[in-house]
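Student: Questions regarding the structure given below will be posed in turn.
The values are calculated or read from the model by the stated rules, or taken from the named source; none is laboratory data. All values reported here derive from a predicted model rather than from experimental measurement. All Cβ positions, glycine included, derive from the backbone under ideal geometry; neighbour counts span all protein chains shown.
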Ligand SMILES: [Zn+2]
């Protein structure tokens with residue numbers, strides 16, 4: 001019964017978790033299944049090659065349009081930890097993690113995961129890591145919040161996840177005794193860049209709203225190394241910005 005419940009949870013949650021069982025061997029960050037080949041690996045992945053609004057991008061801060069962007073209203077709440085090493089990243093199931101309200105739209109958090117270095121860049125510079133918080137509204141539209149992490153002071157909330165980091169690929173591991181307060185991962189300043197983009201992993205689906213927090217948070221050198229030991233480079237190359245407008249909080 002317990003096994004069946006885990007299976008349901010891990011297949012229900014967006015993309016990354018279900019990708020372990022279904023297609024974890026079908027793409028990679030290097031070699032013959034690397035990012036340059038993604039669009040040709042499967043018909044379902046074609047957007048990776050032919051899309052016009054792909055992510056990640058290098059955000060040119062001087063070309064971003066300053067706007068009175070609506071505030072990010074985070075309604076995140078503590079969750080019992082469910083964590084998975086899915087072969088592409090470390091993934092935290094967060095479908096009980098609350099929601100984000102933006103511009104009178106409510107987006108439910110589904111999961112968050114990590115990339116090293118950060119996928120997004122600002123003025124050509126990538127952060128040491130990024131956390132992607134993946135949300136969905138009731139119309140099925142996706143919104144991803146990107147939170148940069150740079151080497152500095154140790155990150156207490158991250159430590160709870162890192163303590164039980166699965167070293168091997170496998171199914172979601174439940175740690176009901178560990179409560180992660182997702183709100184505590186966020187920086188004080190909620191200023192952000194906003195633009196349209198895609199998933200940064202196959203199938204590279206577009207029409208994803210991106211919210212990139214301007215303020216980074218920190219993690220210790222040791223915490224960074226712990227992740228890099230598992231995933232030294234799980235970041236897609238930068239994609240052309242094209243005709244997209246990038247807005248930034250005033
Ligand atoms: Zn991501």
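Student: Restricting attention to strands (runs of 3 or more DSSP E) lying wholly within segment 55-112, give those where 1 or more residues are under 17 Å from residue 132 (Cα atoms).
Tutor: In segment 55-112, the matching strands (runs of 3 or more DSSP E) lie at 73-76, 79-85, 90-93, 98-102.
Student: Can you report the number of residues in segment 23-54 which are outside any loop (DSSP other than H, G, I, E, B) and at pLDDT below 50?
Tutor: 1
Student: For residue 41, state whether it is over 21 Å from the mean Cα position of the chain (by Cα) and crowded, with 19+ Cβ neighbours inside 10 Å.
Tutor: When the stated conditions are applied, residue 41 passes them.
Student: Right, another one. Taking residue 165, is it more than 28 Å from residue 69 (Cα to Cα), more than 16 Å from the ligand (Cβ to nearest atom) and in contact (Cβ under 8 Å) with a residue 12 or more places away in the chain?
Tutor: So residue 165 fits the description; yes.
Student: Could you identify the single residue in 123, 95, 138 that is modelled with pLDDT of 95 or more, surrounded by fewer than 20 Cβ atoms within 10 Å (Cβ to Cβ) and under 22 Å from residue 241 (Cβ atoms)?
Tutor: 123
Student: Against the definition (on the phi < 0 side of the Ramachandran plot, buried (at least 19 other Cβ atoms within 10 Å of the Cβ), at pLDDT 95 or above and under 20 Å from the mean Cα position of the chain (by Cα)), how does residue 101 come out, yes or no? Talk me through it step by step, then tell me what you get.
Tutor: On the way: on the phi < 0 side of the Ramachandran plot: yes; buried (at least 19 other Cβ atoms within 10 Å of the Cβ): no; at pLDDT 95 or above: yes; under 20 Å from the mean Cα position of the chain (by Cα): yes.
When the stated conditions are applied, residue 101 does not pass them.
Student: State yes or no: is residue 237 closer than 27 Å to residue 64 by Cα, assigned to a loop (DSSP other than H, G, I, E, B) and within 16 Å of the ligand (Cβ to nearest atom)?
Tutor: Spelling it out, residue 237 is indeed closer than 27 Å to residue 64 by Cα, assigned to a loop (DSSP other than H, G, I, E, B) and within 16 Å of the ligand (Cβ to nearest atom).
Student: Same structure again: Among the strands (runs of 3 or more DSSP E) confined wholly to segment 121-214, which include 2 or more residues that are under 14 Å from the mean Cα position of the chain (by Cα)?
Tutor: Details: elements: 129-136, 142-151, 173-180, 192-197, 208-213.
Counting at least 2 such residues, we get 129-136, 142-151, 208-213.
Student: Additional query: Applying the selection to segment 44-63, what residues are out of contact with any helix residue (DSSP H, G or I) (no Cβ under 7 Å at 6 or more places or on another chain) and surrounded by fewer than 18 Cβ atoms within 10 Å (Cβ to Cβ)?
Tutor: 44, 52, 58, 60, 61, 62, 63
Student: Another question, if that's okay. Which of (1) within 23 Å of residue 27 (Cβ to Cβ); (2) within 16 Å of the ligand (Cβ to nearest atom) does residue 148 not meet, given it meets every other one?
Tutor: Residue 148 satisfies every listed condition except (1).
Student: Evaluate the following for residue 111: is it over 29 Å from residue 223 (Cβ atoms) and within 16 Å of the ligand (Cβ to nearest atom)?
Tutor: So residue 111 does not fit the description; no.
Student: In segment 141-161, how many are out of contact with any helix residue (DSSP H, G or I) (no Cβ under 8 Å at 6 or more places or on another chain), under 16 Å from residue 102 (Cβ atoms) and either surrounded by 14 or more Cβ atoms within 10 Å (Cβ to Cβ) or free of Cβ contacts under 8 Å to residues at least 24 places away in the same chain (or both)?
Tutor: Selection size over segment 141-161: 5.
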